[in-house]
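Here the structure comes first, spelled out in structure tokens, and everything after it is commentary.
The values are calculated or read from the model by the stated rules, or taken from the named source; none is laboratory data. Bear in mind that the values here come from a model prediction, so they are computed numbers and not experimental data. When we count neighbours, we look across all protein chains shown, and the Cβ atoms used for this are built from the backbone with ideal geometry, even at glycine. Accessible surface areas use protein heavy atoms only, side chains included; no ligands, DNA or RNA. Shrake-Rupley method; radii C 1.70, N 1.55, O 1.52, S 1.80 Å.
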Amino acid sequence: MPTAPNLLLSGLRLLFAAVVIAMAAGPYFLDPTEVVIVTEFLSMLVLAIMWNLLAGYADIVTVGQHAFVGVGAYAFFGFSALAGLDPYSSIPLAGLVALIIAVPAMILVFRLRTAYLAIGTWVVAEVLMLVAGKLQAWGGGSGTSLPISIVLSLGRARNDRLAVIYWLAFALAAAAMFVTYFLLRSRIGVGLTAMRDNEEGAAAIGVNITRARILCFLGTAPFLGMAGAIITMQKLRIAPPASFSITDFTVFIIFNVVIGGIGSFEGPIIGTIVYFLLREYLSELGTWNLILLGTFSIVVILIERRGLWGLFRRLLADDIVPVAHKPTQPAVVSRRLSATES
Amino acid sequence: MLELASVSRAFGGLRVIDKVDFRLEPGEIVGILGPNGAGKTTLFNMIAGVLPPSGGRIVFENRDVTAMKAWDRCRLGIGRTYQIPKPFTHMSTFENVMVAAIHGGRSSMAQAKAEAGAILARTGLARHALTPAGQLALLDTKQLELAKALAVKPRLLLLDEIAGGLTEAECDVLLGTIADVYKSGVTIVWIEHVIHALRRLVTRLAVLSGGGFIAVGAPQEVLADQRVKEAYLGT
């Protein structure tokens, strides 16, 4: 018999599936301004999913995630505008460059832990931004615009281009969600989830903490890099402070994940939705918008450390996207109802 | 099975464990007694790989594990429970045990699920399989510590005050489980303040005080030892 929480859960799952399907067709029914906003939403969602994986599961509280977004942006410009490759193959190549840069960055920051690691990642990001400003072919300190030929190769009409970039962002966000889902369901993923809850306890039952951290750090870098490439396509230009923006690609992302619910699959999705709703409907308030966002995140944290999703999850019998493993024996499954009700 | 050679650990200027030597043979169940602050848990942390020793060597099954990480020691066959339980609070009780079977026990996903089900039944946690581990009562949390430690398929099991705070009846149930585990061929080292519980199962007793073992031997002899009475029983 479906109970009220189960009914709510089914409703949410249906809603989630419906929204994903509707978003796949976004450019057909959204007006150009909306297409731009949703594209931006999808890029930020990718960044939020990645930060959640790092800080929420692997305990790598990075404040330098914008480093790889910027590296992706600059690599994308290099491959497409300077090397003359087509923009589509430049995106995965930008991801690859982010991955390559992530290796020495990791070796450096993994010597540090907790707050020191956070500062370390920030320093790495600042250094990379300064280096980017020295690259004359990339316009030096003031940056440069994407050549018009590349812009036109995405589509001759503006709306066609916006649709192409939209679908690229949609594909990347979908890939990020798929990869996260299957990662969290995997052997490594259950270990990561155990680490999230108790790191020492996880080590004591055989979870290789170091390997899990390396995997997360190197696994998120290409996604950040590809997001940087797509953001560059949308913004049509690169510049050190904009392409390596700590505010847009790290600080807001941290707010989103914290508000939505750190250490859960749903958290970054909910947080990014809340952020965009606040931004769209409160933007006329100017700076107040950000003050409200900050206050809101503090209130959420004070009430429930695991964010809005942690709060909402109490009403539900299961996650919207069920990453947890269930026992296989039918005897245990039949007890499920009584266990969740107690 | 396990050999500690001149193992020391200092925190700042304080030598908590001072050049301890200890040999454990396969098939033993050794109880460790000692006043609070004697360094019992520190000793466990060094054997399990949570704390590096300041000096000395730790050998497990003829392998020097002194510099080995905790997870590698676990996979070699050292399982442990924590005095203050470390459940994975937002995972179900079932998943807690499953993840131990996968990582420490090196089982496949399907195997691990079957093993977790069996261990939950054995430790009396089956009815809590889907309860988040953070919502379990104290006894169940302690049982879960044991369940997780068993899921890694240990050959050496370190139990840290697992019977503390339990009622007489609960303690009997726990002793039954531990006796079963021991009979299945697992060597056990067991820190415990509940002496009557220890006495019923252990083959040897060791008393830790002032950074070293002051008595090691058959339970009756050790408990009758004058130094043990002074250090631990306060008489």
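How large is the helix-only mean residue ellipticity at 222 nm for chain B, computed as the sum of -39500 (n - 2.57) over DSSP H runs with n ≥ 4, divided by its residue count, in deg cm²/dmol to the nearest 500?
-10500 deg cm²/dmol
Where a Cα-Cα gap under 13 Å defines reach, which aspartates and glutamates qualify for B:Lys113, not counting those fewer than 8 residues away within the same chain?
Filter leaves B:Glu95.
Using just the helices of chain A, give the 222 nm mean residue ellipticity in deg cm²/dmol: DSSP H runs with n ≥ 4 each add -39,500 (n - 2.57), and the total is spread over all residues, rounded to 500.
So the helix-based figure for chain A works out to -22500 deg cm²/dmol.
According to the Kirkwood expression over distinct Cα-Cα pairs, how big is the hydrodynamic radius of the stretch A:4-337, in Å?
Computed over Cα pairs of the stretch A:4-337, the Kirkwood hydrodynamic radius comes out at 20.7 Å.
Between the helical axis of B:138-151 and the dominant principal axis of chain B, each derived from Cα atoms, what acute angle in degrees is found, rounded to the nearest 10?
Approximately 90 degrees, to the nearest ten.
Holding the Cα-Cα limit at 25 Å, pick out from B:Lys19/B:Lys142; B:Lys19/B:Lys153; A:Lys326/B:Lys148; B:Lys40/B:Lys229; B:Lys19/B:Lys86; B:Lys69/B:Lys183 the pairs that are longer than that.
Correct reply: B:Lys19/B:Lys142; B:Lys19/B:Lys153; B:Lys19/B:Lys86; B:Lys69/B:Lys183.
Can you pull the percent of the stretch A:4-337's accessible area that's carbon plus sulfur, 1.4 Å probe, other chains left in place?
Ligands and nucleic acids excluded, carbon and sulfur give 73 percent.
Counting other Cβ atoms within 10 Å, which trypsin sites (Lys or Arg not before Pro) in the stretch A:83-166 have at most 15 and lie in a DSSP loop?
Passing sites in the stretch A:83-166 are A:Arg111, A:Arg113, A:Lys134, A:Arg156.
Return the long-range amide H neighbours of B:Thr66 (sequence gap of 5 or more, or a different chain), with a cut-off of under 5 Å between placed amide H atoms.
Placed amide hydrogens put B:Ile58 under 5 Å from B:Thr66.
Keeping all protein chains in position, work out how much accessible area A:Cys216 exposes to a 1.4 Å probe, and write it in Å² to the nearest 10.
Only protein atoms counted, so the area is about 0 Å².
Among the complete DSSP H segments of chain A, which ones combine at least 27 Å of alpha-carbon extent along their axis with a mean Kyte-Doolittle hydropathy of 0.0 or more?
A:4-24, A:32-51, A:87-109, A:114-133, A:158-185, A:209-235
Between helix B:109-122 and chain B, what is the angle of the helix's C-alpha long axis to the longest principal axis, kept within 0 to 90° and rounded to the nearest 10?
Helix B:109-122 sits at roughly 70 degrees to that axis.
Rounded to the nearest 5, what % of DSSP beta bridges with both residues in the protein assembly as shown are antiparallel?
60 percent
Return the lysines within reach of A:Lys134: Cα separation strictly under 22 angstrom, same-chain partners fewer than 8 residues apart disregarded; answer none if there are no such residues.
List returned: A:Lys235.
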